[in-house]
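A short worksheet on the structure shown next.
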Amino acid sequence: MHLHRYEKWWLTFGIAALIIFLLIVGIQAFHQGHKPPSAKAIVNPERVSETEPFNKPGLKKVEGKDWDYELVVVAAAFSFNPGNIEIPKGAKVKIIATTKDVVHGFEIAGTNINMMLEPGYVSDYVATFDKKGEFLIICNEYCGTGHHMMSARIKVVDK
Ligand SMILES: [Cu+2]
């Protein structure tokens, strides 16, 4: 079989690119242990309301951790619990969230806080609330007929 010179170049380039790509992905997955961040913690999605800390959603002050507060949020079609959250300005908060039913989003509009909430998994994010004012939490993963109504509010207030 005769291959044109350019065909050989492209074949070599294509196969080399494929091998490099698979090596990078393989090393990241198997050697460096890359995986979705939410796989760190799991929860039985049918028993969310009975499982700590999701049995008591809301903002709690914590001691002896790298953050001052923990905000536990449970999402379910089509609302967040709690729906109104008050956070003291400057507080470092660990947001811990999950969903009781389908995939939901947890985005605080106008910030870089944006998590996907998957059934069976716990998502978390540590953020400092430096700006006073009202912030909207929205679900940015289409979750059903009431998706566009699904929101909650965070009020950052003076201590
Ligand atoms: Cu939703």
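All of the numbers you see were taken from the coordinates with simple rules; none came from a lab. All figures in this text were calculated on a predicted structure; none of them were measured in a lab. When we count neighbours, we look across all protein chains shown, and the Cβ atoms used for this are built from the backbone with ideal geometry, even at glycine.
Here are the numbers:
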| read-out | value |
| --- | --- |
| Local electrostatic count, Thr111, Cβ distance below 13 Å [Lys/Arg +1, Asp/Glu -1] | -2 |
| Computed helical MRE - 222 nm, the chain, DSSP H runs ≥ 4 contributing -39500 (n - 2.57), nearest 500 | -5000 deg cm²/dmol |
| Debye, to nearest 20: dipole size of region 41-157, +1 on Lys, Arg Cβ, -1 on Asp, Glu Cβ | 400 debye |
| DSSP bridge orientation in region 47-134 - percent antiparallel, rounded to nearest 5 | 70 percent |
| Rounded tilt (10° steps) of 5-26 against the dominant C-alpha axis of the chain | 30 degrees |
| Selected from Ile108, Ile96, Ile20 as most flexible by GNM, with the chain as the system and alpha-carbon contacts under 10 Å | Ile20 |
| Asp66 versus Ile27: modelled label distance in nm, points set 7 Å from Cα along the beta carbon direction | 2.6 nm |
| Semi-axes of the equivalent ellipsoid for the chain, Cα gyration tensor, largest first, Å | 42, 18, 17 |
| Antiparallel %, DSSP beta bridges [both residues in the chain], to 5 | 70 percent |
| Over the chain, relative contact order from alpha-carbon pairs under 8 Å, at least 6 apart, % | 21 percent |
| Taking the C-alpha atoms of region 43-100, convex hull volume expressed per residue in Å³ | 78 Å³ |
| Environment charge of Trp67, counting only residues whose C-beta is closer than 9 Å and scoring Lys/Arg +1, Asp/Glu -1 | 0 |
| Contour excess over end-to-end distance, with Cα ends at Glu86 and Leu136 and 0.36 nm allotted per residue | 16.8 nm |
| Listed peptides 23-30, 97-104 by packing density, highest first (mean Cβ within 10 Å) | 97-104, 23-30 |
| Stretch gain in nm, segment Glu50-Leu11, where the contour uses 0.36 nm per residue and the Cα spacing is subtracted | 8.3 nm |
